[in-house]
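Step one of this worksheet: look at the structure below.
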Amino acid sequence: LYRRNKKRTKERFNELMIRIKELESPKKKTKTTTHQTDLAINDEGVEQILKDLSTFEAKQYFLHVDCTLAYAAKKLKTNTAYLSHVINAYKGKKFTAYLNELRINAALITLKNNKKIRLYSMKAIANEFGYKRRETFSKVFKNTTGIDPTSYIKELQLKDKNSGDNS
């Protein structure tokens, strides 16, 4: 059982490394399509919210511990109903799922590239990526990646150690 779990963790880690390479590569401009809305929001308004969302992502406001739909709407200078609707329609997920995806992707990339942050306690790492509780961060990380954060960090350190021996 131990060996099987270790092998599964290794496989998931390798899959994550591939996913991280995709995340780190420059993003292609996605074409926006129009969606039928119940809200009285025009296409220019949607385009502006989407543009502001990419700025929100670039400036990493989502890593703020108190980032909520209201916080994001205030940063984007829109209201929560419009923002929620645009995220649901154009990102294909609810706000919390969108927020968690952004945070976990940032955590994956930062932990991979920054050896110093790996030395932090799990609570400090969770706080660094916008989670108030270590347990919440671990649960979301495991649900998203299939591997818990401590195993991910151990695999990264093992990989660094092995690549250091080969040089």
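The values are calculated or read from the model by the stated rules, or taken from the named source; none is laboratory data. Worth saying up front: this structure is predicted, and the values here are computed from it rather than measured. Cβ placement follows ideal geometry from the backbone for every residue including glycine, while neighbour counts extend to all protein chains displayed. Note: areas computed on protein heavy atoms with side chains; ligands, DNA, RNA excluded. Shrake-Rupley method; radii C 1.70, N 1.55, O 1.52, S 1.80 Å.
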Residue hits (segment 140-166; surrounded by fewer than 14 Cβ atoms within 10 Å (Cβ to Cβ) and in contact (Cβ under 8 Å) with a residue 12 or more places away in the chain) are Thr150, Gln157, Asp160
Restricting segment 100-139 to residues that are more than 24 Å from Leu69 (Cβ to Cβ) and charged (D, E, K, R), the one surrounded by the fewest Cβ atoms within 10 Å (Cβ to Cβ) turns out to be Lys116
Residue count, segment 137-159, condition under 14 Å from the mean Cα position of the chain (by Cα) and more than 17 Å from Arg8 (Cβ to Cβ), comes to 4
Within segment 58-99, the count of residues that are open to solvent by 60 Å² or more (accessible area, probe 1.4 Å) and closer than 29 Å to Leu16 by Cβ comes to 12
If we take segment 1-107, then helices (runs of 4 or more DSSP H) inside it with 3 or more residues that are modelled with pLDDT of 90 or more and within 22 Å of Asn127 (Cβ to Cβ) are 43-58, 69-75
Among (1) of a type in the set (Val, Ile, Thr); (2) in contact with a Ser or Thr (Cβ under 9 Å, 6 or more places away or on another chain); (3) more than 23 Å from Ser54 (Cα to Cα), Thr136 falls short only on (2)
